[in-house]
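Here's the structure we're looking at; comments come further down.
The values are calculated or read from the model by the stated rules, or taken from the named source; none is laboratory data. Source: prediction; values computed, not measured. Cβ atoms come from the backbone with ideal geometry, glycine included; neighbour counts cover every protein chain shown. Surface accessibility is based on the protein's heavy atoms, side chains included, excluding ligands, DNA and RNA. Shrake-Rupley method; radii C 1.70, N 1.55, O 1.52, S 1.80 Å.
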Amino acid sequence: MILKIYNTKQRLADRFAEFFCNFTEEKVEVHVALSGGSTPRIVFEALAARYSSKVDWGKVHFYWGDERCVPPSDEQSNYKMTRDFLLSKVDIPETNVHRIKGENIPGDEALAYAKILQENIPLKNDVPHFDLLILGMGDDGHTASIFPHQIELWNSEKICEVAQHPETGQERITLTGKIINNAARVVFLVTGQAKAEKLREIVREEGSYNSYPAALVAPESGNLSWFLDREAAVQLESAR
Ligand code: 6PG
């Protein structure tokens, strides 16, 4: 587990955008799973602002680690956020963008998206093998859309499941541990003081860490990095 700590959210975004550009350079084709939330948004802005002409977007295929079950025009859609801040600003072929169709019946879409992943991404252990899988972590320790109250979804035999938000009940489509831990490289983007306690518990394996889905992310490849801002990492540094 590699921890990269940056003074500000913006610095984290700039450094991750640089990492992403270098990462794609090494590949002929790259299959990337994106996460939603506020942290990726500033990364997308940094990518669009400074790397739109430096990345060969024709080799990049975007997927999502989770999506809210809302139409793509809905402000809560992870796809819409990505389109607004990145996809509309770079020259990526439409056919390279594989969105989860939040407007469909959730159970049907979980099956349909699993099929899309199986058909478009090279397999390892008979499971789609993402080159890069980007995750966030909620204040409650959730990741993708696997929340603590449904942590059993992590061990599903399926690679996509239907989950529910614990407060709103909103249905979500989410990848599961089977495909997340099969990725070649997993990167967490975590910022803000609200994440500090859960992050310390997970990194130090303290408290209730094993009840947080984010603590279950352990790619077989061993390639797991956390891009953190100083606020999220504050309890780690004081613990040193
Ligand atoms: C979502 C995200 C979710 C997110 C975390 C962290 O659909 O909401 O995929 O898992 O990554 O909630 O979000 P922030 O980056 O906004 O803290």
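Restricting attention to segment 37-59, which residues are away from the ligand (no atom under 16 Å from the Cβ), touching a helix residue (DSSP H, G or I) at 6+ places or on another chain (Cβ under 6 Å) and not in a loop (DSSP other than H, G, I, E, B)?
Once the filter is applied, which keeps residues that are away from the ligand (no atom under 16 Å from the Cβ), touching a helix residue (DSSP H, G or I) at 6+ places or on another chain (Cβ under 6 Å) and not in a loop (DSSP other than H, G, I, E, B), segment 37-59 yields only Ala48.
Considering only strands (runs of 3 or more DSSP E) fully contained in segment 155-202, which possess at least 3 residues that are in contact (Cβ under 8 Å) with a residue 12 or more places away in the chain and under 20 Å from Lys101 (Cβ atoms)?
Ranges flagged: 160-164, 171-175.
Quick check on Ala112: is it touching an Asp or Glu at 6+ places or on another chain (Cβ under 6 Å), part of a helix (DSSP H, G or I), surrounded by 15 or more Cβ atoms within 10 Å (Cβ to Cβ) and of a type in the set (Gly, Ala, Ser)?
no
Report whether or not Gly141 is at pLDDT 95 or above, closer than 25 Å to Glu29 by Cα and touching a helix residue (DSSP H, G or I) at 6+ places or on another chain (Cβ under 6 Å).
Against the criterion (at pLDDT 95 or above, closer than 25 Å to Glu29 by Cα and touching a helix residue (DSSP H, G or I) at 6+ places or on another chain (Cβ under 6 Å)), Gly141 does not qualify.
Hey, can you tell me all the residues within segment 10-33 that are in contact with a helix residue (DSSP H, G or I) (Cβ under 6 Å, 6 or more places away or on another chain) and either of a type in the set (Val, Ile, Thr) or outside any loop (DSSP other than H, G, I, E, B) (or both)?
Selection gives Ala13, Asp14, Phe16, Ala17, Val30.
Among the residues of segment 127-145, is any farther than 23 Å from Phe188 by Cβ, open to solvent by 40 Å² or more (accessible area, probe 1.4 Å) and either out of contact with any Lys or Arg (no Cβ under 8 Å at 6 or more places or on another chain) or not in a loop (DSSP other than H, G, I, E, B) (or both)?
Scanning segment 127-145 turns up no residue that is farther than 23 Å from Phe188 by Cβ, open to solvent by 40 Å² or more (accessible area, probe 1.4 Å) and either out of contact with any Lys or Arg (no Cβ under 8 Å at 6 or more places or on another chain) or not in a loop (DSSP other than H, G, I, E, B) (or both).
Could you list all residues from segment 78-118 that are aromatic (Phe, Trp, Tyr) and in contact with a strand residue (DSSP E or B) (Cβ under 9 Å, 6 or more places away or on another chain)?
Tyr79, Tyr113
Name the single residue, out of those in segment 60-91 being in a helix (DSSP H, G or I) and either open to solvent by less than 50 Å² (accessible area, probe 1.4 Å) or in contact with a helix residue (DSSP H, G or I) (Cβ under 7 Å, 6 or more places away or on another chain) (or both), that is nearest to the ligand (Cβ to nearest atom).
Checking each candidate, the answer is Asn78.
Considering each of Glu152, Glu167, Glu119 in turn, give the residue that is within 16 Å of the ligand (Cβ to nearest atom) and either closer than 16 Å to Asn182 by Cβ or open to solvent by 10 Å² or more (accessible area, probe 1.4 Å) (or both).
Just a single option satisfies the conditions, and that option is Glu167.
Under 6 Å by Cβ, and 6 or more places apart or on different chains, what pairs join a residue from segment 92-105 that is open to solvent by 80 Å² or more (accessible area, probe 1.4 Å) with one that is modelled with pLDDT of 95 or more and in a loop (DSSP other than H, G, I, E, B)?
Every condition considered, the pairs that remain are Glu103/Pro71.
Which of the residues belonging to segment 22-36 are more than 6 Å from the ligand (Cβ to nearest atom) and over 19 Å from Pro122 (Cα atoms)?
Result: Asn22, single match.
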